[in-house]
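Report on the following structure.
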Amino acid sequence: MQRRISRAVRAGSLVIGGGARISVQSMLNCRVDDIPANVAQANALAAAGCDIVRIAVPDKQAAHTIAALKEQCTIPVVADIHFDHRLALESLAAGADKIRLNPGNIGGQAHVREVAAACAQRGVPIRIGVNGGSLEKELLEKHGTATAQAMAESALNHARLLEQCDFHDIVISVKSSHVQRTVQAYQLLAEQCDYPLHIGLTEAGTVKMGLVKSNIAIGALLLQGIGDTIRVSLTADPVEEIAAARDILHALGQGSGRPNIVSCPTCGRCKIDLISLANQAEERLAGCTKDITVAIMGCVVNGPGEAREADVGLAGGDGCYALFARGEVLRRVDECDALNALMEEIERL
Ligand code: SF4
């Protein structure tokens with residue numbers, strides 16, 4: 001996968017863009033004034049593989065929560081600001097590693113200069129986050145609706161305000177809940193600037209359809225080499241967003257240190273409970289950090305051959321399994337020992 005060349009920015013210990021590993025992020029959804037809950041959620045996200053976490057900053061109280069997150073969590077913290085530049089300054093003073101705000105709506109260029117100077121002094125980047133649902137009136141009038149062109153134009157207008165302050169540590173997102181429009185907006189941005197891009201949809205929905213839409217949009221962009229950091233936005237526990245984001249990266253060969261499990265859909269040739277076995281194998285391999293392919297196939301006639309690229313695998317027989325590696329059958333194992341035999345073989349790899 002050839003990645004778009006983007007400028008690198010640094011948020012705390014995390015590099016975004018410039019060819020750095022694609023990072024995964026999420027947003028806290030506890031009450032902002034509940035410090036223990038926010039700390040616990042940030043730590044749960046970090047444990048799940050989240051690289052950077054965002055918190056809404058609706059008032060000054062949020063700055064205390066940011067300070068607590070900085071003391072008690074290891075991942076960088078992004079302060080999400082709407083309209084009030086003073087909250088950005090308070091968040092920076094509390095230790096925020098990145099600020100999300102749109103310079104065009106914080107009350108004029110003097111405020112933009114103040115925030116840009118404070119960010120520059122601390123080496124903190126700013127993410128411009130354009131959402132299709134809250135585009136400027138002039139752009140809606142010009143483009144008729146929140147088109148991809150309108151979103152990209154809005155983002156570049158915001159960026160210009162920071163560039164006028166000689167501030168270039170910028171990350172951009174252009175999100176909507178519409179898959180094609182969002183993908184097109186990022187394509188336009190990718191052609192017109194070299195800022196790192198935070199990709200994802202907004203208001204994607206609940207887990208079922210939200211995942212489908214996010215997988216399509218984020219997957220389509222990553223396949224084109226577009227995207228430096230991702231957020232899967234779901235109406236769900238944020239920890240689920242991290243699992244989903246990690247799965248997208250894994251499916252595109254961008255994740256590492258985790259087995260790739262392939263399994264067949266089964267058909268009339270299958271004489272064993274393959275669905276249960278595949279699920280059990282996935283559970284047993286949850287903590288495995290080997291970059292290997294493991295196949296769970298329904299029949300010995302086609303399984304080893306169809307999964308010949310797998311490092312190791314099981315293919316169902318009649319009350320037994322064939323343990324195979326790289327398409328060659330190693331030995332037969334009883335149904336009750338199959339999973340243990342597979343795990344032992346994986347240990348040896
Ligand atoms: Fe059917 Fe065997 Fe192919 Fe599975 S591996 S789909 S059981 S033919």
## Note on the structure
For segment 216-286, the percent of accessible surface on carbon and sulfur atoms (probe 1.4 angstrom, ligands and nucleic acids excluded) is 49
### Query
For the pair residue 110 and residue 271, how long in nm is the line joining their label points, each one 7 Å along Cα→Cβ?
8.4
#### Entry: Under the Karplus curve 6.51 cos²θ - 1.76 cosθ + 1.60, θ = phi - 60°, whole-Hz ³J(HN,Hα) for segment 222-237, x wherever Gly or Pro sits
4, 5, 8, x, 9, x, 10, 8, 10, 10, 8, 8, 10, 7, 6, 4
### Summary
the chain: relative contact order from alpha carbon pairs under 8 Å, six or more residues apart, as a whole percent, is 13
### Flagged links, alpha-carbon separation over 20 Å, of 60/98; 70/98; 98/213; 213/290
98/213; 213/290
### Message
Under the rule a/c < 1.5 gives rounded, and otherwise a/b versus b/c splits prolate from oblate, where does segment 260-348 land using the Cα gyration tensor?
### Response
rounded
### Query
Based on DSSP H runs of at least 4 residues, each adding -39500 (n - 2.57), what is the mean residue ellipticity at 222 nm of the chain after dividing by all its residues, to the nearest 500 deg cm²/dmol?
-13000 deg cm²/dmol
### Message
Give me Rg/Rg_expected for the chain, where Rg uses Cα atoms only and Rg_expected = 2.2 N^0.38 Å with N residues.
### Response
1.15
### Summary
Each label sits 7 Å from Cα toward the beta-carbon; between residue 252 and residue 191 the label points are separated, in nm, by 2.0
### Query
Excluding residue 72 itself, what net charge comes from residues whose Cβ is under 15 Å from its Cβ, given Lys and Arg +1 and Asp and Glu -1?
-2
### Query
Once the principal axes of the Cα atoms of segment 2-74 are found, what is the range along each, listed largest first in whole angstroms?
43, 25, 19
### Query
Using the alpha-carbon atoms, what tilt in degrees (0 to 90, nearest 10) does helix 274-284 show relative to the longest principal axis of the chain?
60
### Query
Of the trypsin sites (Lys or Arg not before Pro) in segment 57-112, which ones lie in a loop per DSSP and count no more than 15 other C-beta atoms within 10 Å?
60
## Note on the structure
Nearest 10, in degrees from 0 to 90: the angle of helix 148-163 to the longest Cα principal axis of the chain is 60
### Message
Loop only by DSSP, 13 or fewer other Cβ within 10 Å of the Cβ. Give me the trypsin sites (Lys or Arg not before Pro) in segment 213-284 that pass, ordered by residue number.
### Response
269
### Summary
Note, residue 86: beta-carbon cut-off 13 Å, +1 each Lys/Arg, -1 each Asp/Glu, net -3
### Summary
the chain, Gaussian network, Cα under 10 Å: of 15, 312, 78, the residue fluctuating most is 312
### Message
When a/c reaches 1.5 or more, the comparison of a/b and b/c decides; with that in mind, is segment 179-267 rounded, prolate or oblate per its Cα gyration tensor?
### Response
prolate
#### Entry: Per-residue HN-Hα couplings for segment 86-99 [Karplus 6.51, -1.76, 1.60; θ = phi - 60°; Hz; x = Gly/Pro]
5, 5, 5, 5, 5, 5, 4, 4, 7, x, 4, 8, 7, 10
#### Entry: Cα-based Rg of segment 1-132 normalised by 2.2 N^0.38 Å, two decimals
1.03
### Task
May I ask you to give the solvent-accessible area per residue for segment 260-348, in square angstrom, as obtained with a 1.4 angstrom probe?
55
### Task
Past 27 Å, Cα to Cα, is the threshold; run 137/175; 142/208; 175/208 against it and keep the listed order.
142/208
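The values are calculated or read from the model by the stated rules, or taken from the named source; none is laboratory data. These figures come from a predicted structure and were not determined experimentally. Reconstructed Cβ throughout: ideal geometry from the backbone, glycine too, with neighbour counts over all protein chains shown. Just so you know, the surface numbers come from the protein's heavy atoms only, side chains and all, with ligands and any DNA or RNA stripped out. Shrake-Rupley method; radii C 1.70, N 1.55, O 1.52, S 1.80 Å.
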